[in-house]
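S.K.: Encoded as structure tokens, here's the structure I'll be asking about.
The values are calculated or read from the model by the stated rules, or taken from the named source; none is laboratory data. Remember, it's a predicted structure, so these values are computed and weren't measured experimentally. No Cβ is skipped: glycine too gets one built from the backbone with ideal geometry, and neighbour counts run over all protein chains shown. Keep in mind that these areas ignore ligands, DNA and RNA; they rest on the heavy atoms of the full protein, side chains included. Shrake-Rupley method; radii C 1.70, N 1.55, O 1.52, S 1.80 Å.
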Amino acid sequence: MRAIVIITTSNQPEWLAKVLWGYRLQTQRGFELVIADDGSGPEVALLLEAFRRREGLVIDHVWQPRDGFRKCQILNRAIL
């Protein structure tokens, strides 16, 4: 059984990279990461693509445009 981990972010690619490295170093790899992104710029999408390619992580990027603080809305979209 695969676990799904939802991680929220909003324009903090440096901190997101640190979180992704933590998951990259896990010995058990039976998980998928869902990034719930509340309006980050293109640097986050590039970061996620690099981790997919180089580190072999299974990452789904759920993004919504920035329109104020809408963390709960992006979390609900990520759960779906």
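S.K.: If I ask for residues that are of a type in the set (D, E, K, R) and open to solvent by 100 Å² or more (accessible area, probe 1.4 Å), which ones from the range 61-80 would you list?
M.R.: Arg66, Asp67, Arg77
S.K.: Now, a different point. How many residues, within the range 30-64, are touching a His at 6+ places or on another chain (Cβ under 8 Å), of a type in the set (D, E, K, R) and part of a helix (DSSP H, G or I)?
M.R.: Residues that pass the stated criteria total 0.
S.K.: Just checking, how many residues over the range 20-29 are open to solvent by 20 Å² or more (accessible area, probe 1.4 Å) and not in a loop (DSSP other than H, G, I, E, B)?
M.R.: Result for the range 20-29: 4.
S.K.: Considering only the range 30-49, state which residues are open to solvent by less than 40 Å² (accessible area, probe 1.4 Å) and under 12 Å from the mean Cα position of the chain (by Cα).
M.R.: Listed by number, the residues that qualify are Leu33, Val34, Ile35, Ala36, Asp37, Asp38, Ser40, Val44, Leu47, Leu48.
S.K.: Going through Ile6, Ile59, Ile74 one at a time, which residue ends up being over 11 Å from the mean Cα position of the chain (by Cα) and among the β-branched types (Val, Ile, Thr)?
M.R.: Every option except Ile74 fails the conditions.
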